[in-house]
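Notes to accompany the following structure.
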Amino acid sequence: MSRFSGLGTSEVRSETDALLLVHHATREWGFEPSEMAPFTHFGTRAAARQRMFEWGGARLISGLLDIRRPLYLPDLNDNHGLDRLLGLLSVSEAGAAFGPEVRGRLLAHEEETGEGFDLLALELRAAGYDGIGYRNRHEDPGSMSWMITAPDQLRLVRDGPIEGSRDPWEHDLDAFIGPSLVLPVFEIDGRCGAYD
């Protein structure tokens, strides 16, 4: 069984319906990707890089996500606090499951233990959702970003320095394709193809 098996029903897909490689950028190096916290954000590589503002020393974790029943919300507008997320949940299609009583319980749990997001992940799953999708308005505006509820939803593809993840057009052409020579074109019989 492949580490990518079971992704056939993931909703994290490109415009062509292919599984979408997503990225998370961080300056933290002291954890394994298998220990990702609930509600960790993943998005396009451009969004991840913009989130870091500068590249030096940042880590890029790339992979495929197994999110089958996402709840779609508006962008958090760069406020990633539990209270903000609970506010968005309360006015979403899942709002009935996140009324004032649940909100109060989750905020109290966060204050007492610092594990409010862990409990929220369980509540979200109990309400029938296993992740969150949102249209990013800040980093790579207009792109889709995703939040997982459990670390086993990430199928790791790459984990390393963000500097090592570049598009072909970002490389020095000589370094990317190496030196090349353009030679004359010959026909099959060996004569020069001068195109006159």
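The values are calculated or read from the model by the stated rules, or taken from the named source; none is laboratory data. Because the structure is a prediction, the values reported are computed rather than measured. No Cβ is skipped: glycine too gets one built from the backbone with ideal geometry, and neighbour counts run over all protein chains shown.
Observations, loosely collected:
- Residue in region 139-165 that is nearest to ASN79 (Cα to Cα), counting only those that are out of contact with any helix residue (DSSP H, G or I) (no Cβ under 6 Å at 6 or more places or on another chain), surrounded by fewer than 18 Cβ atoms within 10 Å (Cβ to Cβ) and among the charged types (D, E, K, R): ASP152
- Odd one out for ASP172, checked against (1) modelled with pLDDT of 65 or more; (2) within 28 Å of ARG13 (Cβ to Cβ): (2)
- Meets criteria (of a type in the set (Val, Ile, Thr), more than 8 Å from the chain's Cα centre (by Cα) and closer than 24 Å to ALA121 by Cα) for THR44: no
- Meets criteria (over 21 Å from HIS24 (Cα atoms) and hydrophobic (A, V, I, L, M, F, W, C)) for LEU107: yes
- Looking across region 1-59, the residues that are in a loop (DSSP other than H, G, I, E, B), among the aromatic types (Phe, Trp, Tyr) and surrounded by 11 or more Cβ atoms within 10 Å (Cβ to Cβ) come down to PHE4, PHE31, PHE39, TRP55.
- If you go through region 66-123 and keep only what is β-branched (Val, Ile, Thr) and in a helix (DSSP H, G or I), you end up with VAL102, THR113.
- When SER62, SER92, SER14 are checked against the criterion of being among the hydroxyl-bearing types (Ser, Thr, Tyr) and over 18 Å from VAL157 (Cβ atoms), SER92 stands alone in meeting it.
- Taking the numbered list (1) farther than 19 Å from GLY160 by Cβ; (2) over 17 Å from the mean Cα position of the chain (by Cα) in turn, GLY30 passes all entries but (1).
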